[in-house]
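Structure record follows, encoded as structure tokens.
The values are calculated or read from the model by the stated rules, or taken from the named source; none is laboratory data. Predicted, not measured: the structure shown is a model, and the values here were computed from it. When we count neighbours, we look across all protein chains shown, and the Cβ atoms used for this are built from the backbone with ideal geometry, even at glycine. These area figures cover heavy atoms from the full protein model, side chains too; ligands, DNA and RNA do not enter into them. Shrake-Rupley method; radii C 1.70, N 1.55, O 1.52, S 1.80 Å.
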Amino acid sequence: MALLFLWALSGPCLAAIDYDGLFRQSSDLMAQGDLGGALDLLGKVPPPAAGEEAGAFVSSRMQAARILAAQKEPDKAVAACREVLKLFPDNSEARNFVAALEQQLKPGWHTVLSDTLRFLPSLAKGALMTLLLVLCTMLVSPLGGLLIALGRISTVRPVSGFCWFIIWFFRGTPLLLQLFFIYYGLPSLGITLAPFTAAVIGLGLNYSAYLGEIIRGAIQSIDHGQMEAAKAIGMTYGQAMRRVIVPQTYKRLMPPVGNEFIALIKDTALVSTIAMVELMRAADQLFNTYFNITALALAAVIYLVLTTIFTFIFEKIEYRAGIYEQR
Amino acid sequence: MNSADQPLLKLKNITKRFKSLTAVNGINLEVSAGEKLVIIGPSGSGKSTLLRAINLLEEIEEGAIIFEGREVGYVMSKGKRHLGHPRAISALRAEIGMVFQHFHLFPHMTVLGNVMEGPLTVQGKSADEARSIATDMLVKVGLSDKRDVFPATLSGGQKQRVAIARALAMRPKLMLFDEPTSALDPELVGEVFDTIHTLADEGMTMIIVTHHMGFARELADRVIFMESGNFLAQGTPEELFSAGQDNERIRGFLNRLL
Ligand SMILES: Nc1ncnc2c1ncn2[C@@H]1O[C@H](COP(=O)(O)OP(=O)(O)OP(=O)(O)O)[C@@H](O)[C@H]1O
Ligand SMILES: [Mg+2]
């Protein structure tokens, strides 16, 4: 009946198409599994003439695109969408579908690659900041550690007591808490620090405490005869420490200090909580923006690269530090 | 100030206690320049403690150490005795060489580095100067060919000779040897003795603690028998070794060694 009605409406000049019937028919064909037939039917819907209602055309092409996508022919599906876009470049349904299909068209590694290229600049910037933090802490903490170690074995009670306290406090509380205290707590005492300064101070103090205990152990493991021999040729305590005792600790120190510095690379991630944009924070931001796990995976890879390089360097230094025992 | 008849070293009533144990018990001793003194005695008699007290590695409770006529090492303040200023103590040690039973070479320095270290760090000499002094000392102990190796590769006898060279590089006025050959294999003892002998012939003043009686007999101007922190007997080697036969303790000790 509808068909008759339409026929009457469209008049004799052009055999107008019964779109409703056509869509119904194609749905039936689809239901029967004849996707090819359904596509043929849908293809018969012509582009709208100027001023004509375009709904049927768009619907037909999008429906065709969905069928084609289901048939695993994404390029043909894209072509169907493109027909729509040619007339209606702003049609968001077609655009989104093309975007989704193009994702399918590319192989998986290609997606990962494009994500990687997209994320790498900000991750690299973050990684540089991480590296800078690591290097600063690696510069500060051995010196701090040595001072704490020497203070700890000093016979001057207040000095050794103070150094004991430093070690006790910084090894006994979470690094995260120390960072919070320095960055968020100190301002209430009138000391406001830039995030980077706060991060270096926090990491530096924490690692100085750990290294201090390690260095103290290494110094005390050196045969007491070394100190006596140094004193016997007239060295002062300071000269003996500087020239004889401390240099002998280098080899013993390398493995545990190397471990600490590897841990440090990972511990720098904690400063992301005090407004530092380093590798962890950069990855987190990307993840939250794009909801794309590639950012996190890339961060993991960069951390691994950093830890591997440092491990390698420490092994080389360790070997060199011990050379006098082999030659 | 150093008159000819004044002893180089004088110990007055030196006493060192470890808790209740008196390791050195009121020792008096005079050592004149050029004298070779050998101290013998059973284990634990206080020989090492005495040597270590002389160069202030051990802080004594009583007595005075007089080196070249001046009292050294301790100061009185608020009625109590204390070790003197670290600089003064180091300065005294720089004039007294000490050789240990277990060498205590610096393992992270080459042989040359070990011998240079005193002149370089303590005396503040230039590297060139220190190197030339060290080279001379290594020639003296017959080890100039080992100058660039690390101590770990040396034999015990070679290590001890390097240790002697290291002490000599400071041009000490007195050398203290604490059982310099006790840690050596018997076949290596000779080379170290020869080195010490050469030094003795050059007129070095030395105090040697040793268990080798042959060496004591050959080298010593005077031998002291020490027991329980006291000097039990002293004299020329002949006197002590023959007179010692009358002293039951000394005879027992000597018989065990010979
Ligand atoms: N640092 C110390 N603390 C406590 N007791 C010590 C210490 N050094 C030495 N003693 C004790 O002092 C005494 C004298 O020791 P010393 O080393 O002077 O003897 P020694 O004559 O050199 O013996 P040896 O022939 O075995 O070397 C010993 O009973 C020893 O146990
Ligand atoms: Mg001894």
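Numbers at a glance
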{"item": "Part-to-part distance (alpha-carbon centres) for region B:96-166 and region A:186-222, which is given in Å", "result": "39"}
{"item": "Chain A - charge dipole about Cα centre, Lys and Arg +1 at Cβ, Asp and Glu -1, debye rounded to 20", "result": "1840"}
{"item": "Hydrodynamic radius (Kirkwood) for chain A, which is based on Cα pairs only, to one decimal in Å", "result": "26.2"}
{"item": "Residue-by-residue Karplus 3J(HN,Hα) for region A:25-36, coefficients 6.51, -1.76, 1.60, Hz, glycine and proline x", "result": "4, 5, 4, 4, 4, 4, 4, 7, x, 8, 5, x"}
{"item": "Counted charge near A:Phe291, where neighbours are those whose Cβ lies closer than 14 Å (Asp, Glu -1; Lys, Arg +1)", "result": "-1"}
{"item": "Within region B:26-129, chymotrypsin sites (Phe, Trp or Tyr not before Pro) in DSSP loop having at most 16 other beta-carbon neighbours inside 10 Å", "result": "none"}
{"item": "FRET efficiency estimate (nearest 0.05) - Cβ-Cβ, B:His102 to B:Glu187, R0 22 angstrom", "result": "0.75"}
{"item": "With Cα atoms, 0 to 90° folded angle of helix A:279-290 axis to chain A main axis", "result": "10"}
{"item": "For B:Met226, distant residues with modelled amide H under 5 Å away", "result": "B:Ile40, B:Gly41, B:Leu232"}
{"item": "Descending principal axes extents, the protein assembly as shown, alpha-carbon based, whole Å", "result": "153, 56, 45"}
{"item": "Tensor-based shape of region A:112-255 (alpha-carbon gyration tensor, a/c under 1.5 rounded, otherwise prolate or oblate)", "result": "oblate"}
{"item": "In nm, spacing of pseudo-spin labels at A:Arg66 and A:Thr273 (7 Å Cα→C-beta vector)", "result": "4.8"}
{"item": "Long-range HN-HN contacts of B:Leu174 with modeled amide H, under 5 Å", "result": "B:Gly97"}
{"item": "Along principal axes, Cα extents of region B:90-183, largest first, whole Å", "result": "32, 27, 22"}
{"item": "Relative contact order (%) - chain A, alpha-carbon pairs under 8 angstrom, separation at least six", "result": "15"}
{"item": "Phi to ³J(HN,Hα) by Karplus 6.51 cos²θ - 1.76 cosθ + 1.60 over region A:185-190, Hz, x for Gly, Pro", "result": "x, 4, x, 6, 9, x"}
{"item": "Residue of B:Ser48, B:Ser126, B:Ser228 that the Gaussian network model of chain B assigns the largest fluctuation, springs spanning Cα pairs under 10 Å", "result": "B:Ser126"}
{"item": "Beta bridges per DSSP with both ends in region B:156-258, % antiparallel, nearest 5", "result": "50"}
{"item": "For the protein assembly as shown, size of Cβ-based charge dipole, Lys and Arg +1, Asp and Glu -1, in debye", "result": "1200"}
{"item": "Simple label model, 7 Å out from Cα along Cβ direction - A:Gln32 to A:Ala54, nm", "result": "3.3"}
{"item": "GNM flexibility winner over chain A from A:Thr173, A:Thr311, A:Thr116 (Cα, springs under 10 Å)", "result": "A:Thr173"}
{"item": "Sparse-neighbourhood loop sites, trypsin sites (Lys or Arg not before Pro) in region B:47-117 - DSSP loop, at most 11 other Cβ within 10 angstrom", "result": "B:Lys78"}
{"item": "Reach of B:Lys36 by Cα under 15 Å, taken over aspartates and glutamates that are not fewer than 8 positions away in the same chain", "result": "B:Asp178, B:Glu179, B:Asp194, B:Asp201, B:Glu202, B:Glu218, B:Asp221, B:Glu238"}
{"item": "Accessible carbon and sulfur surface of the protein assembly as shown relative to its total accessible area, %, 1.4 Å", "result": "59"}
{"item": "Interface area, A with B, accessible, probe 1.4 Å, both sides summed, Å² nearest 100", "result": "2100"}
{"item": "Cα-centre dipole for region B:60-130 with unit charges at Cβ (Lys and Arg positive, Asp and Glu negative), debye to 20", "result": "340"}
{"item": "Fluctuation leader among A:Ser188, A:Ser114, A:Ser208 - chain A, Gaussian network, Cα springs under 10 angstrom", "result": "A:Ser188"}
{"item": "Spatially proximal lysines relative to A:Lys251 (Cα-Cα < 20 Å; intrachain offsets below 8 disregarded)", "result": "A:Lys316"}
{"item": "For region A:109-325, with +1 on Lys and Arg beta carbons and -1 on Asp and Glu, the positive-most of A:Ala295, A:Leu175, A:Val112 along the dipole", "result": "A:Leu175"}
{"item": "The protein assembly as shown: antiparallel DSSP beta bridges as a percent of all, rounded to 5", "result": "60"}
{"item": "Sum of -39500 (n - 2.57) over DSSP H runs of 4+, divided by residues of the protein assembly as shown (222 nm, nearest 500)", "result": "-18500 deg cm²/dmol"}
{"item": "Principal semi-axes in Å for chain B [√(5λ), Cα gyration tensor, largest first]", "result": "29, 24, 16"}
{"item": "FRET efficiency, 1/(1 + (r/R0)^6) with R0 30 Å, evaluated for A:Thr173 and B:Ala152 via beta carbons", "result": "0.10"}
{"item": "Low-density loop positions, GluC sites (Glu not before Pro), region B:157-258 - DSSP coil, at most 10 other Cβ in 10 Å", "result": "B:Glu202"}
{"item": "Computed label-point distance, nm, for sites B:Asp5 and A:Thr307 using a 7 Å Cα→Cβ extension", "result": "8.0"}
